[in-house]
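Since the structure comes first, as structure tokens, the remarks are kept for the end.
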């Protein structure tokens, strides 16, 4: 029994990572400058931020159609018996709904999983599913493990500017202005599929320290852990500082990952953080 793994571009897994692990990724869309662009294929965060600096209108995002998922499932099932398709939280996007509509036409051979998260938390679930599929685990076993990991995995990040949270309705204009004046950095996470506040600090040094302390405590509580580092353009230096702060902590390092255009639309440049999960659940 062979199982193919499908995810979407909000996993923030680079094409070479997906290819290495045999993962198919369906792109979401960024509506920008009057056109729909496929995330990671037709638009990058650099394109996005450059356009915004030039005064172009604020972008929006959209999920793939059921037909696009169906095409990927059809191709995957030419060489696999089943598909596990794991996607961004249904609380954040309609992507998982599109995937489920497409899956209904494949007679039970496609199982769609709501990751209940986004970015590298989703990406790490896709990587885990691919590993388990290679080990010969059944679809039911893999889905059950993804459900367990979704309950305990954690993403913790901060943004460089509050403007993008304001534009996307996460915070009010007055709050964003005051926060910018005071150099407030919100500490954000995803709980039950929604972006939630995990605190706030003043300045990047304290934001880095908060994330480092969080990973250290998480590792102390959960034992052996896997960590993936994430950033948008401008956030790479802070990721290096997080790594330096984790000296002496034992973890499986899943590398540095660039946040894609869809997630970057909502977070902006200079975003940085980590996703952490137990090795076993």
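The values are calculated or read from the model by the stated rules, or taken from the named source; none is laboratory data. Note that the structure is a prediction, hence the values are computed from the model and not measured. Neighbour counts are summed over all protein chains in view; Cβ atoms, including those assigned to glycine, are modelled from backbone coordinates with ideal geometry.
Points to keep in mind about this one:
- Of everything listed in (1) surrounded by fewer than 22 Cβ atoms within 10 Å (Cβ to Cβ); (2) in a loop (DSSP other than H, G, I, E, B), the single unmet condition for residue 64 is (1).
- Search result, residues across segment 1-29 that are crowded, with 20+ Cβ neighbours inside 10 Å and in a helix (DSSP H, G or I): 9, 10, 11, 18
Every residue, every condition in (1) modelled with pLDDT under 95; (2) in a strand (DSSP E or B), yes or no:
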residue: 58; (1), (2): yes, no
residue: 72; (1), (2): no, no
residue: 75; (1), (2): no, no
residue: 100; (1), (2): no, no
residue: 113; (1), (2): no, yes
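- Exclusive hit being modelled with pLDDT of 95 or more, out of contact with any strand residue (DSSP E or B) (no Cβ under 9 Å at 6 or more places or on another chain) and surrounded by 15 or more Cβ atoms within 10 Å (Cβ to Cβ), set 273, 245: 245
- Helices (runs of 4 or more DSSP H) contained in segment 163-234 and holding at least 3 residues modelled with pLDDT of 85 or more and crowded, with 16+ Cβ neighbours inside 10 Å: 204-222
- Looking only at segment 138-159, and only at residues there that are part of a loop (DSSP other than H, G, I, E, B) and in contact with a helix residue (DSSP H, G or I) (Cβ under 8 Å, 6 or more places away or on another chain), the one that is surrounded by the fewest Cβ atoms within 10 Å (Cβ to Cβ): 159
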